[in-house]
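Asker: Shown below is the structure under consideration.
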Amino acid sequence: MTIKPASQENPGRVRDVDVTSATFGYLGAIVLGPVIPLIVYLLRARRSPFMRYHAATAVNLSLTGTLYGVCCLILGGLLLLDSITVALIVVIPVGFVIWVAMLRYLIRGVTAANRGEQHEVPNWICARIVKPGLGTSLAAGSRLGQPAGHRVRQQAAAAGEHDPAVGQGIGFG
């Protein structure tokens, strides 16, 4: 009888620790902006693809919301040069809509993380500043976050094989 490590017992099941950390990252983004999700990303992202995805999504949402807020403040400052009334009439509703949109997607992320699922955030609302690690190779011996073709190129280089496509079409020589 062989004993499998905990990570190989149920490969499709998400660990409770990952769910808790992902939820904490989203809730921290609601309260403190990008600080808590960034800490969760830096400390826990290498443990599982699920954790990396949710931590990166929480960081991206909170950073994007912060950038939208800075843009809203710049707009308010420019409108303030004209009139304080115009600045308040424009900036307060725009800032509120941005806050509600970010809050909506952060809450959806919390519920998806609690269910052990991934939730896609539309690209028009969230900039991909931190890569969530989708499209990475999870084969045996590969590291999380490494592009799928990168390991193949490394193995070919170690075997002394030459990639004929490299350097073609540059227009030299």
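The values are calculated or read from the model by the stated rules, or taken from the named source; none is laboratory data. Please read all numbers here as calculations on a predicted model, not as lab measurements. Methodologically, a virtual Cβ is constructed for each residue, glycine included, from the backbone with ideal geometry; neighbour enumeration extends over all protein chains shown.
Asker: Residues to consider are A148, A101, A113; find the one that is modelled with pLDDT under 50 and within 22 Å of the chain's Cα centre (by Cα). Before the answer, list the steps.
Answerer: Values: A101 fails: modelled with pLDDT under 50; A113 fails: modelled with pLDDT under 50.
Checking each option against the conditions leaves just A148.
Asker: Working carefully through the options Q118, Q155, find the one that is surrounded by 10 or more Cβ atoms within 10 Å (Cβ to Cβ) and modelled with pLDDT of 85 or more. So that I can check it myself, show each step before the final result.
Answerer: Details: Q155 fails: modelled with pLDDT of 85 or more.
Result: Q118 is the single residue among Q118, Q155 that is surrounded by 10 or more Cβ atoms within 10 Å (Cβ to Cβ) and modelled with pLDDT of 85 or more.
Asker: Now, a different point. Could you run through the range 10-32 and say how many residues are closer than 20 Å to R104 by Cα and surrounded by fewer than 16 Cβ atoms within 10 Å (Cβ to Cβ)?
Answerer: Residues of the range 10-32 closer than 20 Å to R104 by Cα: 19-32.
Narrowing the set further to residues that are surrounded by fewer than 16 Cβ atoms within 10 Å (Cβ to Cβ) leaves 20, 31-32.
Of the residues in that region, 3 qualify.
Asker: Can I ask one more? Specify which of the listed residues (A45, A56) is buried (at least 17 other Cβ atoms within 10 Å of the Cβ), among the small types (G, A, S), over 12 Å from A113 (Cα atoms) and at pLDDT 90 or above. Outline the logic, then answer.
Answerer: On the way: A45 fails: at pLDDT 90 or above.
Only one candidate passes the filter, namely A56.
Asker: Next question, about the same structure. For the structure I just gave you, tell me whether A87 is small (G, A, S), within 17 Å of the chain's Cα centre (by Cα) and modelled with pLDDT under 95. Spell out the reasoning first.
Answerer: On the way: small (G, A, S): yes; within 17 Å of the chain's Cα centre (by Cα): no; modelled with pLDDT under 95: yes.
For A87, the condition - small (G, A, S), within 17 Å of the chain's Cα centre (by Cα) and modelled with pLDDT under 95 - is not met.
Asker: Only one of (1) within 14 Å of T23 (Cα to Cα); (2) touching a helix residue (DSSP H, G or I) at 6+ places or on another chain (Cβ under 7 Å) fails for R52. Which number is that?
Answerer: Against the list (1) within 14 Å of T23 (Cα to Cα); (2) touching a helix residue (DSSP H, G or I) at 6+ places or on another chain (Cβ under 7 Å), R52 comes up short only on (2).
Asker: Further question on the same structure: Any residue at all in the range 72-82 that is under 30 Å from R15 (Cα atoms) and either in a helix (DSSP H, G or I) or in contact (Cβ under 8 Å) with a residue 12 or more places away in the chain (or both)? Working first, answer last.
Answerer: At the first step, the residues of the range 72-82 found to be under 30 Å from R15 (Cα atoms) are none.
Scanning the range 72-82 turns up no residue that is under 30 Å from R15 (Cα atoms) and either in a helix (DSSP H, G or I) or in contact (Cβ under 8 Å) with a residue 12 or more places away in the chain (or both).
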